[in-house]
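Peer 1: Attaching a single structure in structure tokens format; questions to follow.
The values are calculated or read from the model by the stated rules, or taken from the named source; none is laboratory data. Values in this document were obtained by computation on a predicted structure and should not be read as measured data. Every residue, glycine among them, receives a Cβ derived from its backbone with ideal geometry; neighbour counts consider all protein chains shown.
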There are 2 protein chains.
Amino acid sequence: MQKATADKSDPIAAQLAPVGRETVQDRVYLELRRALIGGLFEPSQVLTIRGLADALMTSTMPVREALGRLITEKALEALPNRSVRVPPITLERMDDLLRARILIEGEAIALAATRMTPRQITTIESMLGEWDEMRALKHKKDVDREVTLNQAFHFEIYRACGSAVLIPMIESLWLQSGPCIRVAIYAFSDAGEVDTAHYHRTIVKAIAAQDAKGARDALVADISRPFTFLRSKLEAEAKKGQSV
Amino acid sequence: MQKATADKSDPIAAQLAPVGRETVQDRVYLELRRALIGGLFEPSQVLTIRGLADALMTSTMPVREALGRLITEKALEALPNRSVRVPPITLERMDDLLRARILIEGEAIALAATRMTPRQITTIESMLGEWDEMRALKHKKDVDREVTLNQAFHFEIYRACGSAVLIPMIESLWLQSGPCIRVAIYAFSDAGEVDTAHYHRTIVKAIAAQDAKGARDALVADISRPFTFLRSKLEAEAKKGQSV
DNA sequence: TTATTTGATTTGTGATCACACTTGCATTGA
DNA sequence: TCAATGCAAGTGTGATCACAAATCAAATAA
């Protein structure tokens, strides 16, 4: 009987999965999470358990638990009908999210600025180069890659703040603002070029100088951009809609 | 066929449950939440799905979903064994939690100080009286009532900050620091009298004067107390354990 | 043609079952 | 006596089923 167990826990398999096998539930959760941060779902979109279960090639059980988790961290919204949807974008919510992000991510980067090791600073410096690479082949604007790189850059910094409490909160905030960001980035692309790398360079410079206040200010400028841009866009649309 | 539906959705029943029937899952979730904030579970305690299901008189289904939700908001901890427990208290975690609470609850009360209506201020003023009532019958130190009143006071303020993003974060922080707080309050009781009402009075005074900075400072003093107290207690124990 | 109703389909929720893994205890061996 | 092995109870996870509520569409009546 223990044979089967021994087969799965032999040295080779043990190395492949050293601690804690991955559950389907976690896979589904991470999948949905990635989709939300990346803005693959659009605001107000309704999600169904069975639909997601089919799409993710599993039963309804892991999906419903993953949805429940995402609802508690406000990444999704439970309607009184008991259906769940991606929260819609409103001006109030955007301001609210931006304020919270400035507060918490600002604190995290201020902490990180005094704690990052030369090794870690080298890592985020090397990420600056990737922006230049992307700019080189500008014929294809790869929004997915932009989002991924931006996320990797920020969280490399946040991880260094050393707070096991703040980091999950920041993840939750990104989860909530993911749909807005994607909309904003597309709007950016339409409006012309924007230089994310420039803002990131300023951040890296401040961190390298262990300038906590400078890093915080640079970060605020960086994360405010898409919000203020999207805000003016929404206001313009609202005014147009009002006149029609 | 719709008869049965009509019976349950007739005017009377509709008034009793105007929006969204309560699900067993939510009941379990709120129950566990209340227990955690109130510190009814002790740190490092292991919880089992079937055990909780029996205690809450339901099946395992609602419990596992509630546990999953609590794990994502770091109120509970998933061990590699796949068992779940209340996170243990460490000095690092306490400092981490306190810093986050000062940051976020401080911001919330600063916002609330400029937005609370006279009606709302009257409400929190009336809560001050309850502390005096409790003090009157000091023969029975009702820790549960202290915890509940303290919670009601703080959240009456936080709700007034008008941020749908900050409030859930604060709830999550209370959930995480609940077990610590309970331990600290018991330690308080052993160490003698402490005047929570005094700190709350200072907070109310600042809010009534719309003094955002004063309210923030008073709040920091209030929420720091149990943490610094528990910290010195843990450090003393650690030193004693080290010498033995 | 339009509004109402009836029926069928879809959906979320809770319960139960099957399976794999862990844990703890008792038995067996040196 | 002590360590190791084997068995049994307990536990989490995923799948499936049953049921009630909601949604949608077609048919009927005005």
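Peer 1: Scan the range A:80-101 for residues that are more than 16 Å from A:ARG182 (Cα to Cα), buried (at least 18 other Cβ atoms within 10 Å of the Cβ) and either assigned by TED's automatic domain parsing to the domain that holds A:ARG34 or among the hydrophobic types (A, V, I, L, M, F, W, C) (or both) and report the count.
Peer 2: So the count comes out to 2.
Peer 1: Just one of B:GLU73, B:GLU42 is surrounded by 17 or more Cβ atoms within 10 Å (Cβ to Cβ), of a type outside the set (A, V, I, L, M, F, W, C) and either on the phi < 0 side of the Ramachandran plot or at pLDDT 90 or above (or both); which is it?
Peer 2: Unique residue meeting the criteria: B:GLU73.
Peer 1: Can you find a residue that is out of contact with any strand residue (DSSP E or B) (no Cβ under 8 Å at 6 or more places or on another chain) and hydroxyl-bearing (Ser, Thr, Tyr) anywhere in the range A:73-89?
Peer 2: No, the range A:73-89 contains no residue that is out of contact with any strand residue (DSSP E or B) (no Cβ under 8 Å at 6 or more places or on another chain) and hydroxyl-bearing (Ser, Thr, Tyr).
Peer 1: Can you confirm whether B:ILE37 is in contact with a Phe, Trp or Tyr (Cβ under 6 Å, 6 or more places away or on another chain) and at pLDDT below 90? Walk me through how you get there before you give the answer.
Peer 2: On the way: in contact with a Phe, Trp or Tyr (Cβ under 6 Å, 6 or more places away or on another chain): yes; at pLDDT below 90: yes.
Yes.
Peer 1: Now for a different question. Restricting to the range B:50-64, name every residue that is within 20 Å of A:GLN25 (Cα to Cα) and within 10 Å of DNA strand D (Cβ to nearest atom).
Peer 2: Residues satisfying the conditions are B:ARG50, B:SER59, B:THR60, B:MET61, B:VAL63, B:ARG64.
Peer 1: Within the range B:156-187, work out how many residues are at the interface with chain A (Cβ under 8 Å from one of its Cβ atoms) and either under 9 Å from the mean Cα position of the chain (by Cα) or part of a helix (DSSP H, G or I) (or both).
Peer 2: Selection size over the range B:156-187: 6.
Peer 1: Then there's this: Restricting attention to the range B:71-88, report how many residues are away from DNA strand D (no atom under 12 Å from the Cβ), of a type outside the set (Val, Ile, Thr) and farther than 13 Å from B:GLN45 by Cβ.
Peer 2: 2
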